[in-house]
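The values are calculated or read from the model by the stated rules, or taken from the named source; none is laboratory data. The structure presented is a predicted model; accordingly, all values stated were derived computationally and were not measured. Every residue, glycine as well, gets a Cβ built from its backbone with ideal geometry; the counts of neighbours run over all protein chains shown. We work out accessible area using only protein heavy atoms, side chains counted, and drop any ligands, DNA or RNA first. Shrake-Rupley method; radii C 1.70, N 1.55, O 1.52, S 1.80 Å.
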Amino acid sequence: MSIKSWIRTAAFAAACVFAQTAFASGWGALSDPGDVRSMGDTPKIDIRSAEAFAEGHIPGAINAPYGLWRGPKENPGRVPDEATLQTLLQSLGLEHGGDVLIIHEGKNATDFGAAARVYWTLKSAGFESLSILNGGHNAWVADGGKLETGAVTPASSDIEIRFSDTWMIDREGVGDVVAGNSEAVLIDARPLDFFTGDKKHGAATEAGTLETALNIVHSTWFGAGSPVLDAQSTDIEMIRKVAAENAGAPLVSFCNTGHWAATNWFAASELAGIEGVKLYPESMVGWTLLGGAVVNGEG
């Protein structure tokens with residue numbers, strides 16, 4: 001079922017108070033360039049490529065390209081194992097208990113998914129105070145922010161992590177939902193042509209979506225053509241209504257490789273404040289690689 005069809009018959013409140021912490025001045029799930037200027041020595045993790053970072057970056061930012069947070073080419077949504085992730089976090093000098101800012105390029109809505117996926121990974125690794133620079137590096141530049149060049153090498157930390165599954169569902173869990181053995185609301189974050197089975201990711205073995213899935217495209221949360229997340233109150237109320245109408249069944253966000261899906265997870269969990277929202281990190285690539293059944297979604 002397409003969420004557009006669902007919306008046409010749903011009645012939701014027009015006057016919704018948006019999650020104030022998301023856009024308030026100071027620390028929140030989203031920050032703006034003005035907030036960054038007041039962050040001082042807060043760790044700033046720049047997930048752009050090493051080449052882009054070398055051309056100029058926000059002063060003090062540490063480079064950790066997005067690929068370090070992802071799986072192999074044949075299954076990019078796979079979560080790195082705990083030892084690999086722990087070594088990465090140690091090399092970045094990160095410690096539990098502090099703030100962390102995540103900086104992406106800020107090209108478009110798709111690019112935001114990289115920051116959201118890293119945010120989800122860090123939250124699952126025990127970090128409680130995280131923020132994404134809304135609009136990314138490009139927003140900083142557009143706001144007149146100064147750049148610096150050269151490597152930034154922090155002192156290594158001795159952080160130890162245990163990756164939590166609080167905000168994650170694996171293939172077995174999804175299989176139980178599809179088989180009707182457990183309840184969840186499956187939400188496909190991909191554009192409509194993927195949902196209907198007219199297009200597939202190059203690493204997926206089949207086109208289509210998961211049975212019973214709704215389609216809430218990841219770009220819903222952005223203005224037309226904008227890289228800045230600017231969710232309207234009706235968007236937030238829509239996802240809250242989906243959760244409320246399925247009380248007790250967690251929302252599960254998926255896409256091709258857990259990238260676009262991370263944006264829907266972020267909006268539902270961190271902006272709308274819905275408890276227990278889960279990401280299926282390997283998504284349709286991982287699902288189809290192991291022979292999972294697919295259906296064609298309805299536009």
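What percent of all Cα-Cα pairs in the range 61-133 falls in each 10 Å bin, counting up from 0?
Values per bin, smallest distances first: 18, 57, 24, 1.
Calculate the tail of P(r) for the range 124-266: the fraction of all Cα-Cα distances greater than 19 Å, expressed in %.
It works out to 65 percent of all Cα pairs.
If r is the Cβ-Cβ distance from Thr166 to Glu55 and R0 is 22 Å, what FRET efficiency results, to the nearest 0.05?
After rounding, the FRET efficiency stands at 0.05.
Step through the residues of the range 282-292 one at a time and calculate ³J(HN,Hα) from phi using the Karplus curve (6.51 cos²θ - 1.76 cosθ + 1.60, θ = phi - 60°), rounding each to whole Hz and writing x for Gly and Pro.
Ordered by residue, 3J(HN,Hα) equals 7, 6, 5, 5, x, 4, 6, 4, 9, x, x Hz.
At 0.36 nm per residue, minus the direct Cα-Cα distance, what do Ser129 and Asp176 gain on full extension? Give it in nm, one decimal, please.
13.7 nm
If I fit a long axis through the Cα atoms of helix 109-124 and take the longest principal axis of the Cα atoms of the chain, what angle between them do I get, 0 to 90°, rounded to 10?
Here the helix axis deviates by roughly 80 degrees.
If you project the alpha carbons of the range 20-154 onto their three principal axes, what span does each projection cover, largest first, in Å?
39, 33, 30
Just read off the accessible area of Lys241 with the full protein assembly in place, 1.4 Å probe, to the nearest 10 Å².
Accessible area, nearest 10 Å²: 50 Å².
I'd like the projected area of the range 120-163, averaged over all directions, using the convex hull of its alpha carbons. Report it in nm² with one decimal.
Working: hull surface 18.7 nm².
That works out to 4.7 nm², a quarter of the Cα hull's surface.
How large is the accessible surface per residue of the chain, computed with a 1.4 Å probe and reported in Å² as a whole number? Please report the intermediate quantities before stating the final value.
Working: 12790 Å² over 299 residues.
With the other protein chains kept in place, the chain gives 43 Å² per residue.
Using a 1.4 Å probe on the protein heavy atoms, what percent of the accessible area of the range 51-120 belongs to carbon and sulfur? Kindly include the intermediate steps, with their values, before the conclusion.
Values: 1370 of 2670 Å².
Taking all protein chains in place, the range 51-120 shows 51 percent carbon and sulfur surface.
What residues qualify as long-range amide H neighbours of Ile132, i.e. H under 5 Å apart, gap of 5 or more or another chain, H built at 1.01 Å from N?
Leu30, Ser31, Ile102
How are the Cα pair distances of the range 30-82 distributed, in percent, across 10 Å bins from 0?
Reading upward from the zero bin: 21, 39, 30, 10, 0.
Using a Förster distance of 30 angstrom, determine the FRET efficiency expected from the C-beta separation of Asn108 and Ser156, and round it to 0.05.
Computed FRET efficiency for Asn108 and Ser156 comes out at 0.30.
What is the angle, in °, between the Cα long axis of helix 233-245 and the longest principal axis of the Cα atoms in the chain? Nearest 10 is fine, range 0 to 90.
Roughly 50 degrees, rounded to the nearest 10.
In square nanometres, what is one fourth of the surface area of the convex hull spanned by the alpha carbons of the chain?
In nm², the orientation-averaged hull projection of the chain is 15.0.
So for the range 203-251, what are the equivalent ellipsoid semi-axes in whole Å, largest first, each being the square root of 5 times an eigenvalue of the Cα gyration tensor?
Details: eigenvalues 102, 83, 10 Å².
Largest first, the range 203-251 gives 23, 20, 7 Å.
Apply the Karplus curve 6.51 cos²θ - 1.76 cosθ + 1.60, θ = phi - 60°, to the phi angles in the range 250-263 and return the couplings in whole Hz, x for Gly and Pro.
x, 7, 10, 9, 9, 8, 8, 9, x, 9, 4, 4, 5, 5
Over the Cα atoms, compute the radius of gyration (one decimal) and Dmax (the largest Cα-Cα distance, rounded to a whole number) for the range 112-205, in Å.
Values for the range 112-205 (Cα only, Rg and Dmax): 19.0, 54 Å.
Rounding to the nearest 10 and keeping the result within 0 to 90°, find how far the Cα-based axis of helix 82-91 lies from the longest principal axis of the chain.
30
Compute the whole-percent fraction of alpha carbon pairs in the range 166-224 spaced more than 19 Å apart.
That tail contains 39 percent of the Cα-Cα pairs.
Could you pull out the pairs from Lys44/Lys123; Lys107/Lys241; Lys44/Lys241; Lys44/Lys107; Lys241/Lys278 whose alpha carbons sit more than 23 Å apart here?
On the way: Lys44/Lys123 15 Å; Lys107/Lys241 30 Å; Lys44/Lys241 35 Å; Lys44/Lys107 19 Å; Lys241/Lys278 17 Å.
Long pairs (Cα-Cα over 23 Å): Lys107/Lys241; Lys44/Lys241.
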